[in-house]
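Beneath this line is the structure, given in structure tokens, with notes to follow.
The values are calculated or read from the model by the stated rules, or taken from the named source; none is laboratory data. Just so it is clear, the structure is predicted and the values come from calculations on it, not from any experiment. Note that we place each Cβ from the backbone using ideal geometry, even for glycine, and neighbour counts take in every protein chain shown. Areas reflect the complete protein model, heavy atoms only, side chains present, ligands, DNA and RNA absent. Shrake-Rupley method; radii C 1.70, N 1.55, O 1.52, S 1.80 Å.
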Amino acid sequence: MSLLRGIALGLIVVAAWAGTATAQPAAIGSERIGPAPKDWTFDIGPGVVVAPWFEGSANYRVLPIPNIDLRYQRDKFFVSARDGVGATLLDVDGFKAGPILRYRFPRNDGEGGLRYGMGTVPFTVEGGGFLRYDLPYLSAKVELRRGLGGSNGLIFDALVDGKIPISPTVFLSAGPRLSVTDGTYNQAYFGVNAAQSANTGYAQYYPGAGLRSVGAAASGVWRITNNLTFVVFGSYSYLADAAANSPIVMSPGGSRNQFVGGSAVSWRFEF
């Protein structure tokens, strides 16, 4: 039980970073590199990330993170810092689909250039589904999720990655990202109501649904040994439409340009 609690705690810590520092999922999913694994794999190790304090912040912080990934037959079931919690229920002719859960931890009042008086956007679990299509050198994925608490907003993310195997142990992937959100989500993270405006001096702002961000992401995986892996990753998101026009983003403490970068090593256990 103590091991399971430790795994759960590590995933929560990583999810806190993933939910506040990125504008959309960082990668498409489990990549086929190295020898075929056993049914169950568990990867764990240290990592570091440089990311904005919150989505739309101009200020950055460095975070140590645990790199945790538990899988059954690659992606039939997964609990992953990168890919969320989910399962593949449909796997036909390159198409995969199933449920997905992601986490978005609070945006805390006054942190990272946010003026005090905006209040905290609470912890959110985002539940929904994904559809993925794989070709030998290209993958595409869409996710539709709804906040279950917290923002209660609706999020649509689309990702495309070109996949380049440099060698049997080195793999690169990169491609564009796009995210669309509804008015409920945008009001929670980018809106300013009358009370918040009076508290902070931000102008009142009531955004509707629209394109939230466009960008690109890249990652590299080096399977040093059958069990030891090194990963480096980075992404850029440009806030658009309703998000870009937010007084929070347009203030000196905000920015439309959002960068995330980091690296991690992990050791694989198979059973």
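At an R0 of 51 angstrom, the distance between the Cβ atoms of N193 and A87 translates into a FRET efficiency of 0.85.
In the elastic network of the chain, a GNM with C-alpha springs shorter than 10 Å, the most mobile of P136, P165, P99 is P136. Listed by chain and number, the aspartates and glutamates placed with their C-alpha closer than 16 angstrom to that of K163 are E31, D134; residues fewer than eight positions away on the same chain are left out. The charge dipole of the chain, taken about its Cα centre with unit charges on the Cβ of Lys, Arg, Asp and Glu (plus for the first two, minus for the last two), comes to roughly 200 debye. Under 5 Å between amide hydrogens, built in the peptide plane, is the criterion, and for Q204 it picks out nothing among residues at least 5 positions away or on other chains. Just to verify a number: FRET efficiency for V50 and N257, C-beta to C-beta distance, R0 = 22 Å, to 0.05? E(calc), rounded to 0.05, equals 0.95.
Using a/c under 1.5 as the rounded threshold, could you call the stretch 147-270 rounded, prolate or oblate? The axes a ≥ b ≥ c are square roots of the C-alpha gyration tensor eigenvalues, and prolate needs a/b larger than b/c, oblate otherwise.
Note, shape of the stretch 147-270 comes out prolate.
Quick check: Cα centre of the stretch 179-208 to Cα centre of the stretch 213-227, how many Å? A separation of 34 Å, based on Cα centres.
For the stretch 33-123, give the percent of accessible area contributed by carbon and sulfur heavy atoms, probe 1.4 Å, rounded to a whole number. Please list the in-between numbers first.
Working: 2640 of 4120 Å².
Heavy-atom surface of the stretch 33-123 belonging to carbon and sulfur, 1.4 Å probe: 64 percent.
Here the Karplus relation 6.51 cos²θ - 1.76 cosθ + 1.60, evaluated at θ = phi - 60°, turns the backbone of the stretch 160-165 into coupling constants of 9, 10, x, 10, 10, x Hz, with x for every Gly and Pro. Of all lysines in the structure, those lying under 18 Å Cα to Cα from K76, and not within fewer than 8 positions of it along the same chain, are K38, K96, K141. Treating the angle as unsigned and between 0 and 90°, give the value, to the nearest 10°, between the Cα long axis of helix 2-21 and the longest Cα principal axis of the chain. Tilt of helix 2-21: around 50 degrees.
Comparing mean-square fluctuations of L89, L154, L114 from a GNM of the chain with C-alpha springs under 10 Å, the top value falls on L89.
Give me the accessible area per residue for the chain, probe 1.4 Å, as a whole number in Å². Walk me through the numbers before you get to the answer.
Details: 12010 Å² over 271 residues.
Ligands and nucleic acids excluded, the result is 44 Å² per residue.
Amide H contacts under 5 Å for V121: R107, restricted to partners 5 or more places along the chain or on a different chain, H placed in the peptide plane at 1.01 Å from N.
Remark: spin-label model distance A174-Y137 equals 1.5 nm, labels positioned 7 Å along the Cα→Cβ axis.
For the chain, what relative contact order do you get, as a whole percent, if you take Cα pairs closer than 8 Å and at least 6 residues apart? Display every interim value, and only then the final one.
Values: 740 pairs, mean separation 54.0, N = 271.
This gives 20 percent for the chain.
Rounded to whole numbers, the Karplus 3J(HN,Hα) couplings from phi for the stretch 106-112 are x, 9, 8, 4, x, 8, x Hz, using 6.51 cos²θ - 1.76 cosθ + 1.60 with θ = phi - 60°, and x at Gly and Pro.
Applying the Karplus relation 6.51 cos²θ - 1.76 cosθ + 1.60 with θ = phi - 60° to the stretch 150-158 yields 3J(HN,Hα) values of x, 6, 6, x, 9, 10, 10, 10, 10 Hz, where x marks Gly and Pro. Take every pair of alpha-carbon atoms less than 8 Å apart whose residues are at least six positions apart; their mean separation over the length of the stretch 147-271 yields a relative contact order of 22 percent.
Each of I224, L239, A198 was placed along the dipole of the stretch 125-271 (beta-carbon charges, centred on the mean Cα), and the one lying farthest toward the positive end is I224.
Under 5 Å between amide hydrogens, built in the peptide plane, is the criterion, and for S213 it picks out S179, A240 among residues at least 5 positions away or on other chains.
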